[in-house]
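The values are calculated or read from the model by the stated rules, or taken from the named source; none is laboratory data. Predicted model, so just to flag it, every value in this text is computed and none were measured. Reconstructed Cβ throughout: ideal geometry from the backbone, glycine too, with neighbour counts over all protein chains shown.
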Amino acid sequence: MTTPPDFGGREIEEGLLEDLGGPAEHHAVSHQDGALPDDNEAHAPGQVCQRCGAVITRGQDVRRRADGKWVHEVCPDLG
């Protein structure tokens, strides 16, 4: 029979004590980062889009390419 390694016992498992009827754990800091799903969008006002050549304005979503140049997420219709 193989015995699994002991890594400090079951008390290190998060929430186990509460599951077994003990007091609830209280965390001083939230485990949620609070970031909104759209908070990670890049913006580069004043830069020139390397795809369409238009100046990137405030509020337009952009991407930075591997070569360091900026492009619109969706280039505006210059029609």
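Taken over segment 45-79, the criterion of being aliphatic (A, V, I, L, M), modelled with pLDDT of 90 or more and either assigned to a loop (DSSP other than H, G, I, E, B) or under 19 Å from the mean Cα position of the chain (by Cα) (or both) is satisfied by Ala54, Ile56, Val62, Ala66, Val74. Pairs linking a residue in segment 58-79 that is under 12 Å from Ala42 (Cβ atoms) and free of Cβ contacts under 8 Å to residues at least 24 places away in the same chain to a residue that is acidic (Asp, Glu) and surrounded by 10 or more Cβ atoms within 10 Å (Cβ to Cβ), with Cβ atoms under 8 Å and 6 or more positions apart or on different chains, are Gln60/Glu73; Asp61/Glu41; Asp61/Glu73; Val62/Glu73; Arg63/Glu73; His72/Asp61.
Evaluate the following for Leu20: is it more than 26 Å from the chain's Cα centre (by Cα) and either at pLDDT 75 or above or surrounded by 10 or more Cβ atoms within 10 Å (Cβ to Cβ) (or both)? Break it down stepwise before answering.
Working: more than 26 Å from the chain's Cα centre (by Cα): yes; either at pLDDT 75 or above or surrounded by 10 or more Cβ atoms within 10 Å (Cβ to Cβ) (or both): no.
Taking the combined requirement at face value, the residue does not satisfy it.
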